[in-house]
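Nothing in this text is a laboratory measurement; each read-out follows from the coordinates by a stated rule. Treat the numbers as computed from the prediction; the structure is a model and nothing was measured. All Cβ positions, glycine included, derive from the backbone under ideal geometry; neighbour counts span all protein chains shown.
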Ligand SMILES: Cc1cc2nc3c(=O)[nH]c(=O)nc-3n(C[C@H](O)[C@H](O)[C@H](O)COP(=O)(O)OP(=O)(O)OC[C@H]3O[C@@H](n4cnc5c(N)ncnc54)[C@H](O)[C@@H]3O)c2cc1C
């Protein structure tokens, strides 16, 4: 009989872990508290079209395309137009540095990376991204490229972000598995379509998916009592409440609790606004990022229909607010978001177009803040032998990385179960 494993949470982490565990021969049971799978990644409907609440696609790297193909999942590649990404410096531009600033940057990069190879000798431990940038980039590159770029992914402050967690992995040699075949892929209508297809495929493979589960705490407790591995594929906040009562059971669980307690989570608000038309053909592309120096309230904007070339009746934009430097965002009213979007559109698009509809998703504790404190916390963390944590707070934010971690987790659990069989023989 195959060994049982329980997974709490049917977001991207839980579903992908379920697939790899099933492939390793486990009897997989998934328990989700919501009515649908997907977690943060949801698709919702407005009178003017659908909108998405978190990640809208996944990088089309070789290993991801293989994963989707193996599962028979149908996907939609991003459009060529989405290759155009903008950064705001007075106006939206594809390259925000001036000619002389670009030359200064090229010079500094050649000296540091190609001649001195400083990035290979540097000690990343305890070094913030801002301090790293002071050594390797110019002031303008830090301000107009690095800061908005990282804000767009991590919603963090570069003075606090850890270069060991964020910059160092960029220089690690990657296998051809990580080569990009397509920039980004999504489902036919939304990224959530992909998660729905994964769910259906898992069910056909015999994975049990239980929605609207209200007793995850008991399931975790029972799993530990029966020595059944249990994976908490929830946010760090939800994992913390699941282990809170169990922490006195053994030192390993206490360590897990203490690790989760220290994780700082930052708020994000995503606002999808619908318009009659695109602001101007000039800005047809992926969207724009706004450096802090430009003084806009939102962090950036996505041009939803352009990215995946989807048929649509109305133009929709998703504006992202919040992050580590703006925790008060969660208290902003709908009217304040509307005002902030209108002000930003006037500045960047010179447009006063009417907002036909606006859908707001407020995530109070959305993303882990990859700070130096988190670097230290992670360095001391050790997985419990039976209760495994799984989620973006253990690695990087991107959903593409979650797939890699799901595969690793399934492989590690398989190894442990083989060891157990050998021990009992
Ligand atoms: C606005 C926004 C935009 C983003 N954009 C991108 C992007 O462009 N690219 C990218 O790669 N990433 C992006 N992300 C991040 C990405 O969406 C997340 O990293 C990813 O969705 C996390 O998936 P997860 O399964 O780990 O967690 P979650 O999605 O949080 O799923 C956890 C699941 O666990 C369930 N759960 C919790 N507690 C219990 C319980 N007690 N019992 C049962 N079930 C429980 C929840 O209901 C949920 O379904 C974005 C995030 C946000 C907020």
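Some points to look at:
- Value of relative contact order over region 96-174, rounded to a whole percent, pairs C-alpha under 8 Å and six or more apart: 37
- For the chain, modelled as a GNM whose springs connect Cα atoms under 10 angstrom apart, the maximal fluctuation among 226, 244, 32 occurs at 226.
- Neighbour-count order for 414, 245, fewest beta carbons within 10 angstrom listed first: 245, 414
- Restricting the calculation to Cα atoms, the chain yields a radius of gyration followed by a Dmax of 22.4, 74 Å.
- Label zone at residue 91 (point 7 Å along Cα-to-Cβ), backbone N below 12 Å, region 337-363: 348-350
- Put in line by how crowded their Cβ is, counting other Cβ atoms within 10 Å and starting with the fewest, 172, 98, 237 read 172, 98, 237.
- Packing-based ranking, highest mean first, of 281-290, 318-327 given that Cβ atoms within 10 Å are counted: 318-327, 281-290
- Region 96-174 - Debye-derived log10 I(q)/I(0), Cα point model, q = 0.14, 0.24 Å⁻¹: -0.46, -1.25
- Antiparallel content of DSSP bridges confined to the chain, in %, to 5: 70
- The slack between residue 422 and residue 327, meaning 0.36 nm per residue of separation minus the straight C-alpha distance, is 29.0 nm.
- Per-pair calculated FRET efficiency, R0 = 41 Å: residue 415 and residue 102 via Cβ, rounded to 0.05: 0.25
- Extending 7 Å from the Cα toward the beta-carbon at both residue 218 and residue 335 defines two label points whose distance is 4.7 nm.
- As a calculated quantity, the FRET efficiency between residue 110 and residue 62 at R0 = 30 Å, using C-beta atoms, amounts to about 0.45.
- Separation in nanometres of the label points that stand 7 Å from Cα toward Cβ, at residue 379 and residue 131: 1.1
- Exposure proxy ranking for 412, 196, 70, based on other Cβ atoms within 10 angstrom of each Cβ and starting from the fewest, stands as 70, 412, 196.
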